[in-house]
Amino acid sequence: MNVQQLESFIQVAEHLNFARASEALNITQSAVSRQIRSLEEELDAKLFRRTTRTVSLTSDGAIFLEHAKQILGQLKIATAKLRHHTNARVQPLTIGCESETDLDFLCGILDRCREEIPAFHPFLKVIPHHSLLNLFFQHEVQVLLGFRENLPVREELMFRELGKIPLCCVLPRTHPYAGRAEIGEEALYDQNLILCNSYTVPSKVVEVQNRVVQHISPERIHASDNPRAVLTLVRAGYGCSILPIPSFYDGAVACVPIQNVPPLSYGMIFQRDSSDPVLRRFLDIALRAAGT
């Protein structure tokens, strides 16, 4: 396996087009095809589904894409160190994220890490849940962030809570309910509702959505599989939604906690017996930043 194979694979995977990949790499399309073919032969796996009109990643290709990016990323760091003749010790840590909530939570934590660990180099993996879990159990992701009920429960894993996130009715700021301290589910029966069908949404959200949606006619229901898209629809006035919203969220919407629904536990999991000093320092900083 060589750099040319990995670069060709990544470009084709990102463009899903061999011609555009060859332009990005400044080599011929036939050269790109040869690199992909030799890589597939070496891995004994099919990385792409190809027809006369389309190119798409196979499941093996989607998993290998993350590995390929990580390999090239580490190689670039090593090359840069050699070019600058430095002995500085980079301290990498791969953090798995599956939603915008994870990234919002990480901002404050990473800011402290930057100040307290100058050599700290975070690699953020923002990919689908099942792919994150695969990388985590292969020890290529050291820590996963998410809602407790979405994270695996195993004896060898440790969960540490970073906070409680309230389940909220998300409304346009101009909505009459926007100024309330809390809101009951029955108050939503006469509202347009935007459902969030994302796999990142905890089951408690789905339960509340299902109870409310029974009282709403179909023409007043919208749906999306992405929380950010849901917030866009709310801001545009298409209706309200039900989502867990962190207290530090400062978007252009109003977030009113729903009555009689306990907040959701949010935190991180990692290998219980890990002796990685960088992971341990990150966990310490994360818990201090969360005040736990």
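Counting just the residues of the stretch 135-158 that are under 14 Å from the mean Cα position of the chain (by Cα) and over 12 Å from Gly267 (Cβ atoms), which one comes out surrounded by the most Cβ atoms within 10 Å (Cβ to Cβ)? By that ranking, first place goes to Val141. Looking across the stretch 1-34, the residues that are closer than 19 Å to Gln70 by Cβ, free of Cβ contacts under 8 Å to residues at least 60 places away in the same chain and of a type outside the set (A, V, I, L, M) come down to Asn2, Gln4, Gln5, Ser8, Phe9, Gln11, Glu14.
So that you can scan it fast, the table gives a plain yes or no per residue for (1) surrounded by 15 or more Cβ atoms within 10 Å (Cβ to Cβ); (2) out of contact with any Phe, Trp or Tyr (no Cβ under 6 Å at 6 or more places or on another chain); (3) in contact (Cβ under 8 Å) with a residue 12 or more places away in the chain:
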site: Gly163; (1), (2), (3): yes, no, yes
site: Pro166; (1), (2), (3): yes, yes, yes
site: Cys169; (1), (2), (3): yes, yes, yes
site: His175; (1), (2), (3): yes, yes, yes
site: Glu185; (1), (2), (3): yes, yes, yes
site: Gln209; (1), (2), (3): yes, yes, yes
site: His215; (1), (2), (3): no, no, yes
site: Glu219; (1), (2), (3): no, yes, no
site: Arg228; (1), (2), (3): no, yes, yes
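Here Val256 meets each of (1) of a type in the set (A, V, I, L, M); (2) in a strand (DSSP E or B); (3) under 18 Å from Arg148 (Cα atoms) with one exception, condition (3).
If you go through the stretch 225-248 one residue at a time, do you hit one that is among the hydroxyl-bearing types (Ser, Thr, Tyr), over 21 Å from Thr174 (Cα atoms) and under 21 Å from the mean Cα position of the chain (by Cα)? No: the stretch 225-248 contains no residue that is among the hydroxyl-bearing types (Ser, Thr, Tyr), over 21 Å from Thr174 (Cα atoms) and under 21 Å from the mean Cα position of the chain (by Cα).
Just so you know, all these numbers are worked out from the coordinates, no wet-lab data involved. None of the values given here were measured: they were computed from a predicted structure. No Cβ is skipped: glycine too gets one built from the backbone with ideal geometry, and neighbour counts run over all protein chains shown.
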